[in-house]
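Data block below; observations after.
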Amino acid sequence: MAERGPAPRSLRRRDACGWLRPHLYRLGFRFRGVNQFKTAEKLLLGMAPRRCENVRMLVFLETERLLLRQFNLFDVDLLVELDGDPRVMRYITGGAPTSRGEVEDELLPAFLGYYREFPGYGFWAAVEKATQDFLGWFHYRPAPGDPLDQPELGYRLRCAAWGKGYATEGCRALIAKGFAEFEVQRVVASTMAVNTASRRVMEKSGMRLVRAFVADWPVSIPGDEHGDVEYAITRSEWELARTRP
Ligand SMILES: CC(C)(COP(=O)(O)OP(=O)(O)OC[C@H]1O[C@@H](n2cnc3c(N)ncnc32)[C@H](O)[C@@H]1OP(=O)(O)O)[C@@H](O)C(=O)NCCC(=O)NCCS
């Protein structure tokens with residue numbers, strides 16, 4: 001369960017990071033926390049303002065209502081706000097927020113690291129197409145120690161986005177992309193047994209309950225006493241479901 005673990009800024013500026021990052025790597029910058037890159041990117045943005053205006057957003061996936069795009073260094077505020085809502089964090093930390101320092105030094109660097117290391121996997125920022133609003137994120141990548149062809153699916157959305165089917169829409173699309181375009185064999189997801197909304201998303205995404213278990217979390221939060229649950233869908237189950245009317 002990887003979960004534990006607003007005015008959006010100008011899209012133009014955020015887009016620019018996707019274009020700049022490879023250049024920064026080529027220039028010899030190596031990732032050591034978000035601030036190092038932020039400084040370097042601001043420097044380069046200042047050097048090439050016109051070019052930045054034409055940079056397109058790095059979209060990984062598009063659904064009827066959502067864009068799933070890469071995160072970039074200008075997403076700090078959005079992540080701090082998301083994790084600052086105790087309702088969002090209830091089944092993750094018991095409601096405790098993630099500090100700005102943790103977002104800048106740990107969370108966002110970890111998100112950005114996936115794009116280089118695991119093509120096709122990662123943490124994707126969910127944007128509502130109709131409004132361009134940031135809704136939260138999905139992750140789709142193998143949990144530490146798991147086989148590369150068995151990604152774990154996860155999600156965290158702002159309260160304002162709940163109850164509109166967005167989590168299910170994103171999950172279904174990510175599952176389908178993994179099976180159709182990559183070598184994914186099995187998708188897993190887990191949550192606290194008492195996180196009914198999350199379990200429902202897994203069910204509606206075609207996953208089935210495979211086990212209940214008790215995880216050894218370093219910090220206990222209310223509801224832990226009911227344990228955790230794991231859901232999964234295999235490639236053959238997904239293919240079979242597609243043939244049904
Ligand atoms: C879990 C989460 C992503 C769901 O997002 P969402 O966009 O509202 O999900 P969907 O609208 O696709 O589906 C939610 C389903 O759960 C149901 N649901 C929501 N809250 C529920 C509750 N308390 N009890 C029973 N069902 C509930 C909804 O009715 C819906 O099912 P339905 O379509 O059959 O009516 C969102 O609540 C969230 O971000 N929570 C905080 C972070 C989190 O807990 N992440 C998961 C950690 S593993």
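Numbers for the structure displayed
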quantity	calculated
Descending principal axes extents, segment 142-245, alpha-carbon based, whole Å	41, 34, 21
Additional length obtainable on full extension of the chain from residue 149 to residue 110, 0.36 nm per residue less Cα span	12.1 nm
Estimated inter-spin distance, residue 162 and residue 237, nm [label 7 Å along Cα→Cβ]	2.6
Net charge of Cβ neighbours under 14 Å - reference residue 151; Lys, Arg +1; Asp, Glu -1	-3
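Just so you know, all these numbers are worked out from the coordinates, no wet-lab data involved. Keep in mind it's a predicted model, so treat the numbers as computed, not measured. Every residue, glycine as well, gets a Cβ built from its backbone with ideal geometry; the counts of neighbours run over all protein chains shown.
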